[in-house]
Structures are given as structure tokens and as C-alpha cells.
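Some notes on the structure that comes next.
The values are calculated or read from the model by the stated rules, or taken from the named source; none is laboratory data. All values derive from a computational prediction rather than experimental measurement. Positions of Cβ are backbone-derived with ideal geometry, glycine not excepted, and every protein chain shown enters the neighbour counts. SASA here: full protein model, heavy atoms, side chains in, ligands and nucleic acids out. Shrake-Rupley method; radii C 1.70, N 1.55, O 1.52, S 1.80 Å.
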Amino acid sequence: MTTTDTAVKAEQPLPAGATAKPKPSLSARIAEKAGSGVVQVFLILVALFWMMPTIGLLISSLRGSSDIAASGWWEVFTKPAQLTTENYSELLSNDIITNSLWSTVMITVPSTVLVVVIGALAGYAFAWMDFPGRDWWFMLVVGLLVVPVQVALIPVSELFGEIGIFETTFGVVMFHVAFGLPFAIFLLRNFFAQIPRELLEAARLDGAGEIRLFARVVMPLGGPAIASLGIFQFLWVWNDMLVALIFADSESPPITVALQQQVRQFGNNIDVLAPGAFLSMIIPLAVFFLFQRQFVTGVMAGAVK
């Protein structure tokens, strides 16, 4: 067969009912090539570059103060003898740091639990219960999302001082709960509203009241969204410094404030700051990876029908 015959054959019309295969788009061709080994190696290199500050912090936390002052953290690859756990031993023997870790837990755990529980109850009420002014109240909650924390620092400080909870753990928890609830209610209400009405009506026909319906039907179905909310709230409260610096007890501050107080007058106390910062970072990372599957499911909920 000659070249001319091949061209003529290619130009012949398609059989009846057949459609021409569309040409792949540019994005489809790029996505197809994304599975190649070169692209995977490139993505790994990008990930390593993105993690370089964390890797540097970890290595710095395992070096002595004299080695840190003399050279950069990358020197450890040629001099691995510099690695030591002395910084962590001294850190864990520091009463200020250990007490601050406990104070952070005492602030973060109640703040997370209260926001999740109250937000879930309010989200269910806004989604499936009828009461006067429901939509207006929900609009008010949505409006509170745009209120910045900085606006409330002075009036809330005066209020807490008058009622006697300023510079207390309870006051810090109440502040975080107040500013965490609008987002929690908004998130969970939208998630609970996607539950099929027929499922709830079937449970009501079986004699389930509102409390039993919430506990046995809504909460199990809302697990991914609740896990996502819990992770967001936990990370926000654990890493917070502004609210803790103003409202927390100066005698037992959270870890973020305690690390800030370890800065020396004429230089950073890196032999304390590096292990302390990495220790404060590893706990929320562990929480995130522990609930990673629920977090991804909750974030993607409603994206695909």
C-alpha cells in the first residue's frame, strides 16, 4: 500500500453511528505524563525542599549550642558526631517548659471538645429543627465569622477582669470557644443538611426522639466533618500565641509563650528554642496524621455528588 492510499483511507468517512475519538486536551496530556518517573522524582524534590525548614529545625535541636553557633545545621552530614540528645534532656528537666506543655494541653483539649460538642448540637438544630428566627440566627452566626480576634481583645479583657477570670486557664478556654463556635456551627450545619431527610424521618417513625436521633444517626454520619473540625480547632488553639500572651496566666503560660520567654537579651537561646519548637510541633502533627483519613473525607464531603 502506497502513501497516497494510506492518506485516502484515513480520510474515509466513519461508519454510521460511530463518533470520532476526541483529541486529548492539554491538561489531560499533562496529567497522563504526571505518572512518569521524572515527574515523580521532581515532586519528591519539591517536597524535600518544602520540608527543609522542618528538617533543619530537627537537626538543630540535636546539636550542641557551640556547634550551632559555629556552623550551619547542614554540617551534620559530614560530622554526624555532633548529634546529641542533650538538648532534649535539659529541656525536659526545665520546669518552665514541662509546665507550659501541661498548660497547653489543659487549654487545647477543653477548647476543642467544647467547640466540637456545642458546634455539633447547634449545627443539627440549624439544619433539622424548626424554631422562630432560625435563618436569621444562622445569618448572625455566619456574620460572626468575619469578626477579627484583634477587635475583641480589649473589651473581652475588661470583661474578664470584671468577672475575675482574666489570666486564668478558664478565661483562655472561653475565648477560644467563643471564636471557634461560628466556624464550627457553619461547617457542621452545612454538612448535616446533606443528610437525606428520608433517613431522619424513618428514625422518627421508629420512635427516636431528637436526642437519640442526634446521637445514633447524625453523629455517626457526621464523623468525618467532626474530625476535620476537631483537627482545625486543635491546631489553632495549640499554635496560638496572641490570645495566650494576653489572657493566660503568666505563672503557667502555654508552650508558645514559654518559648518566647526563653529568648535571651543579646541572642536567641537556640539550644532551648529548637528542641522546644520541634516538640511543640510534633504533637499537632501526630494528631493530624492520626485522623488524616477522616480529615480528607470531611474536607471532600459534598465535593462529589
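State yes or no: is residue 152 surrounded by fewer than 19 Cβ atoms within 10 Å (Cβ to Cβ) and either in a helix (DSSP H, G or I) or modelled with pLDDT under 90 (or both)? Answer is yes for this residue. Annotation for the stretch 172-180: no member residue is surrounded by 14 or more Cβ atoms within 10 Å (Cβ to Cβ), modelled with pLDDT under 85 and within 28 Å of the chain's Cα centre (by Cα). Look at (1) surrounded by fewer than 18 Cβ atoms within 10 Å (Cβ to Cβ); (2) more than 23 Å from the chain's Cα centre (by Cα) and you find that residue 270 fails only one, number (1). Just one of the listed residues (98, 104, 84) is surrounded by 15 or more Cβ atoms within 10 Å (Cβ to Cβ) and of a type in the set (Ser, Thr, Tyr), namely 104.
Out of all the residues in the stretch 43-65, which are open to solvent by less than 50 Å² (accessible area, probe 1.4 Å) and assigned to a helix (DSSP H, G or I)? Reasoning before the result, please.
To start, the set of residues in the stretch 43-65 that are open to solvent by less than 50 Å² (accessible area, probe 1.4 Å) comprises 47, 56-57, 59-64.
47, 56, 57, 59, 60, 61 - these are the residues of the stretch 43-65 that are open to solvent by less than 50 Å² (accessible area, probe 1.4 Å) and assigned to a helix (DSSP H, G or I).
Within the stretch 83-120, track down each residue that is touching a residue at least 40 places away in the same chain (Cβ under 8 Å) and farther than 24 Å from residue 243 by Cβ. Once the filter is applied, which keeps residues that are touching a residue at least 40 places away in the same chain (Cβ under 8 Å) and farther than 24 Å from residue 243 by Cβ, the stretch 83-120 yields 87, 88, 90, 91.
Can you pull out the residues in the stretch 59-68 that are touching a residue at least 12 places away in the same chain (Cβ under 8 Å) and out of contact with any Pro (no Cβ under 9 Å at 6 or more places or on another chain)? Correct list: 59, 63, 64, 65, 67, 68.
Working carefully through the options 196, 254, 220, 224, find the one that is open to solvent by 20 Å² or more (accessible area, probe 1.4 Å) and in contact (Cβ under 8 Å) with a residue 60 or more places away in the chain. Working first, answer last.
Values: 196 fails: in contact (Cβ under 8 Å) with a residue 60 or more places away in the chain; 254 fails: open to solvent by 20 Å² or more (accessible area, probe 1.4 Å); 220 fails: in contact (Cβ under 8 Å) with a residue 60 or more places away in the chain.
After ruling out the rest, the residue left standing is 224.
Scan the stretch 160-203 for residues that are touching a helix residue (DSSP H, G or I) at 6+ places or on another chain (Cβ under 7 Å), assigned to a helix (DSSP H, G or I) and not small (Gly, Ala, Ser) and the total you get is 19. Every condition in (1) open to solvent by 20 Å² or more (accessible area, probe 1.4 Å); (2) over 28 Å from residue 285 (Cβ atoms) holds for residue 213 except the one numbered (1).
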